[in-house]
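**Student:** Please find one structure pasted underneath; my questions will follow.
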Amino acid sequence: MPYIREIVEDGHPTLRKVAKKVDPKEILDPLFQQLIDDMFETMYDAPGVGLAAPQVGVSKRLFVMDIQDDDHPPAVMINPKIELAEEEVEMTEGCLSVPGKVGEITRFRRFGLSGLDRNGEKIRIEGEDLLAQCLQHELDHLNGVLYIDNARNIRPAATEEEREIAQAASAEAS
Ligand code: ZN
């Protein structure tokens with residue numbers, strides 16, 4: 001049974017480490033599969049649209065995401081590599097590990113990653129806007145980077161829309 005893990009917050013050392021590459025042989029291990037299930041459970045409980053392993057204190061290169069869009073089903077990305085990065089835009093962003101805050105950050109509007117899925121099969125995920133933003137945000141977590149490192153005008157979420165972004169760690173192009 002999946003369980004909800006604690007989401008660590010800014011100041012926790014694991015958030016600042018470059019996460020370790022996952023050995024593909026490890027992916028089918030029941031403990032690794034449990035980690036994936038727990039990460040989904042934790043993300044949906046938060047709620048959020050993405051969650052990286054360092055956010056539950058595990059320094060490994062994987063994240064889960066679900067942007068709640070019919071064209072993009074829930075996904076697991078392991079050992080991601082950048083395949084596409086186009087058109088810089090300004091976006092409003094939040095993070096479950098920096099609760100209650102939002103800021104403006106420059107992101108690529110179109111972005112794509114390749115890697116492995118939870119069966120160890122090769123996958124590629126690419127898209128625009130929220131999907132692209134989520135991929136970049138989660139990839140940053142695997143490199144020890146938080147959005148607040150590069151964002152401007154970091155502030156407590158004040159409006160309804162900002163609270164949604166801060167809580168769901170989702171975002172909209174602005
Ligand atoms: Zn985050």
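**Student:** Roughly how tilted is helix 30-45, in degrees to the nearest 10 and between 0 and 90, from the longest Cα axis of the chain?
**Tutor:** The answer is roughly 20 degrees.
**Student:** Considering the dipole of the range 1-150 built from charges on the beta carbon (Lys and Arg +1, Asp and Glu -1) around the Cα centre, which of I105, H72, L62 is farthest to its positive end?
**Tutor:** About the Cα centre, the residue reaching furthest to the positive side is L62.
**Student:** Sticking with this structure for a sec: What nm distance separates the two modelled labels at R155 and N143, each placed 7 Å from Cα along Cα→Cβ?
**Tutor:** Result for the modelled spin labels: 2.8 nm.
**Student:** For the range 54-151, max minus min Cα coordinate along each principal axis, in Å, sorted largest first?
**Tutor:** Answer, in whole Å and largest first: 35, 31, 23 Å.
**Student:** Turning to a different aspect of this structure: With only alpha-carbon atoms counted, please give the Rg and Dmax of the range 1-102, in Å.
**Tutor:** 14.1, 42
**Student:** Where in the range 105-130 does the amide nitrogen come within less than 16 Å of the point 7 Å from the Cα of F40, taken along Cα to Cβ?
**Tutor:** Within reach of a label on F40, which here means backbone N under 16 Å from a point 7 Å along Cα→Cβ, the range 105-130 contributes 117-121.
**Student:** Taking 18 Å as the cut-off for C-alpha to C-alpha distance, list the pairs among K81/K101; K21/K122; K60/K101 that go past it.
**Tutor:** Beyond 18 Å: K81/K101; K60/K101.
**Student:** Accessible area, 1.4 Å probe, largest first: how do I82, I148 sort?
**Tutor:** Numbers: I82 95, I148 40 Å².
Solvent-accessible surface, decreasing: I82, I148.
**Student:** Excluding residues fewer than 8 places away in the same chain, name every one of the aspartates and glutamates whose C-alpha is closer than 19 Å to that of K25.
**Tutor:** Leaving aside aspartates and glutamates fewer than 8 places away in the same chain, those within reach of K25 are D37, D117, E121.
**Student:** Something else: Using only Cα atoms, find the angle between the long axis of helix 129-142 and the longest principal axis of the chain, and express it within 0 to 90 degrees, rounded to the nearest 10.
**Tutor:** So the helix axis and the longest Cα principal axis differ by about 60 degrees.
**Student:** Hey, another quick one. Solvent-accessible area per residue for the range 31-174 at a 1.4 Å probe radius, Å²?
**Tutor:** On the way: 6100 Å² over 144 residues.
For the range 31-174, the solvent-accessible area averages 42 Å² per residue.
The values are calculated or read from the model by the stated rules, or taken from the named source; none is laboratory data. Since the structure is predicted, the reported quantities are computational estimates derived from the model, not experimental observations. No Cβ is skipped: glycine too gets one built from the backbone with ideal geometry, and neighbour counts run over all protein chains shown. Just so you know, the surface numbers come from the protein's heavy atoms only, side chains and all, with ligands and any DNA or RNA stripped out. Shrake-Rupley method; radii C 1.70, N 1.55, O 1.52, S 1.80 Å.
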